[in-house]
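None of the figures in this text is laboratory data; all of them are computed from the coordinates on show. These figures come from a predicted structure and were not determined experimentally. With ideal geometry, Cβ positions are generated from the backbone for all residues, glycine too; neighbour counts draw on all protein chains shown.
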Amino acid sequence: MTTQLTPAVTPPARRTAARRLTSRVGRVRELGIVVALALVVLPTAIVNPRFVQPQSLRDLLLNASIVALLAVGQTLVVITRNVDLSVGSVLGLSAFLTAQHFADNPGTPLLLGIGFGVAVGLACGFLNGLLVALGNVPSLVVTLGTLYVFRGIDYALAQGEQINAANLPDALLDLGSSRVLGVPVLVLVAVVVIVVAGVYLRSYRSGRELYAIGSNPEAATLAGIPVAKRTLTTFVLSGLIAGLAGALWVARYGTVDAAAGTGLELQVVAAVVVGGVAIFGGSGTVTGAALGALLLGTITSCLVVLQIPAFWQQAIAGALLLSAITVDRLLALRLAKALRTSEGTSHA
Amino acid sequence: MRNLLRWETALVFLLVVVALTGQVGTDGSFLSGGNLFYLGLDIGEIALIALPLTLVIVAGEIDLSVASVLGLSSALIGWLWNAGWPLETILPTVVVAGALCGAVNGLLVTRLGLPSLAVTIGTLALYRGLALVVLGDTAVADFPASYTSFGTTPVPGTGIPYPVALAAVLAVLFGVALHASSFGRSVYAIGANEEGARFSGIRVKRVKLSLFVLAGAVAAIAGIVYTFRFSSARADNGVGLELAVVAAVLLGGVSIFGGRGSLFGVIAGVLLLGGLRNLLILQDTSTEVLTIVTGLLLLVSVLAPSITRRVGTLRKAAT
């Protein structure tokens, strides 16, 4: 992959040109999503001005925030050249257990209950990580397996039961609808997670090492990076975030059964890929992935507002994903060409 | 290679265990003709799609869009039937449409060099979306009994359901193609070392493209089978089936990295999953147990070779 040509591995002579190019393309990438967002929102707003009123914008962000959260966790995993297909099931399991915990223990403090959901997710992620890192087994297969296992446990625990808003504490339900300075709390939580993960990936040594692992696992091992440990960490973080998303799911929807979040994994992977995270690892940002989630969610909302039959939505989402990876690929090919040219000039 | 053989032996052993415990546990009704008939019907589509998918995965790629192609072909059958087409024309058309879907996947993967995982997650949404566009949320069910009976009656003179007979014939064809032809050897070569395969003169892109086309066409055939079995053409037929098929193929010992695996193992994997499912249903076990068992089997199938390898190196180190 061309993305392996990050400044860190480029010899000094070519560093500046290469860095300029990579950062430019990186910026173009996130800018591209913002432009796409504008292209989707503007026509919709012209047809139906109510679409850009604060209330509907809030709904837009609120709907995207849970997928965006999962996309952040997925980004950490995908950057290391792995994938976590179990996030939908982890979210479902955590959502059900959190709701059950609140329903069975009416006096539970809010944060403790949410922490319970996070702990469920963390345990699931730890299991995934152990299997991938120590079992030396491809993550696609492991997480496909745990996708089934976690969902099966979810169904077995729920026994067809449903937990309704009536059994949940008001504090939790308020969390799903309350706002700070006009911004929904769930959106704020998502933003905090995005910022923390973004800073970690950008400025921390272990965060940078994730990119190195994804670019070239063998080289990363030889360079002394603890690959297994880092891989385990990314899966734990992805599970932890999915657990948090499960608890927030309860707050947002108020009603939970064992099917919560079924099939969400594909939406999340789609958001990550649209957001410019290379599926073979080594490049991408959490901001891009979160913007990808926002873009996919916005398109769905716009189609509703534009009264395009709901049947078209999935086809359009699929077409969009395909065009995103195609454009990405073409950009990468151009970047590779440009890098070769700049190498030529620096030698001369 | 020896690990692989061992895994297939283990699969057959597991199959026998499941069959015997089933036979004892259900007082002989598990292996009765009637039950085996339903077992066969139940795994028909998975068995069909698993055949070309095995080749795709052996070649080091993946196709997650197969269940959506199944849904799209089902929707097309309903739509064209409503438009007054005769079924004799509809069925070949649908298979061609499936092959086209596969070709789109294959072209995006081979010509643009995109990862098949990303491409087929995209077409998973796209093809399912097209199915919804074509048929909406309506169901078409007024097919003539002469066609729908294929899904409920055995091949005359035998107790074998038509879908299983079809899968068996295709299994032989795919088995010969993969294990006894130069095409099959090139599929393994591509999966083991794509660059090496290209330098040894194998037309890598063309082979891969043909595998995706095959997967699309067979998924469309599975769509026909599905539609007539439930005598209902719906856009959401077979949602989520892709994961079950991938699970069956990997359980059969095919390496997700390509280059290793056999069709025999995959067939054993499909039978094992189908047998367990059927057994649990006979025992009135809840379906969630089945979900857990499917997942655990998948995990064991990938962990087992890794563990045997590790034990092997430990032993070598000890001597």
- Message: Which aspartates and glutamates, if any, have their Cα less than 20 Å from the Cα of residue B:208, not counting same-chain residues under 8 positions apart?
- Response: B:61, B:63, B:194, B:195, B:242
- Query: How would you order B:283-290, B:39-46, B:194-201 from highest to lowest mean count of nearby Cβ atoms within 10 Å?
  - Reply: B:39-46, B:283-290, B:194-201
- Message: Can you give me the angle between helix A:12-47 and the longest principal axis of chain A, using Cα atoms only, in degrees from 0 to 90, rounded to the nearest 10?
- Response: 40
- the range A:30-330 - Rg (one decimal) and Dmax (whole number), Cα, Å: 19.0, 57
- Message: Please state the shape class of the range A:148-272: rounded when a/c is under 1.5, otherwise prolate if a/b exceeds b/c and oblate if not, all from the C-alpha gyration tensor.
- Response: oblate
- Setting aside same-chain residues fewer than 8 positions from residue B:316, which lysines have a Cα under 27 Å from its Cα? A:229
- Which whole number gives the average count of other chain Cβ atoms within 10 Å of the Cβ atoms across peptide B:295-305? 6
- Task: Name the shape class, rounded, prolate or oblate, that the alpha-carbon gyration tensor gives for the protein assembly as shown, where a ≥ b ≥ c are the square roots of its eigenvalues, rounded holds for a/c under 1.5, and otherwise prolate holds if a/b is larger than b/c and oblate otherwise.
- Result: rounded
- Per residue of A:263-273, other chain Cβ atoms within 10 Å number on average 3
- Item | Partner chain coverage, peptide B:230-236 - average Cβ within 10 angstrom | 0
- Task: Take peptides A:224-232, A:71-79 and line them up by average Cβ neighbours within 10 Å, highest first, as a rough protection proxy.
- Result: A:71-79, A:224-232
- Could you state, as a whole-number percent, how many of the C-alpha pairs of chain B are farther apart than 26 Å? 49
- Using a ≥ b ≥ c from the Cα gyration tensor of the range A:232-290 (square roots of the eigenvalues), is it rounded, prolate or oblate, where a/c under 1.5 gives rounded and otherwise the larger of a/b and b/c decides, a/b for prolate? prolate
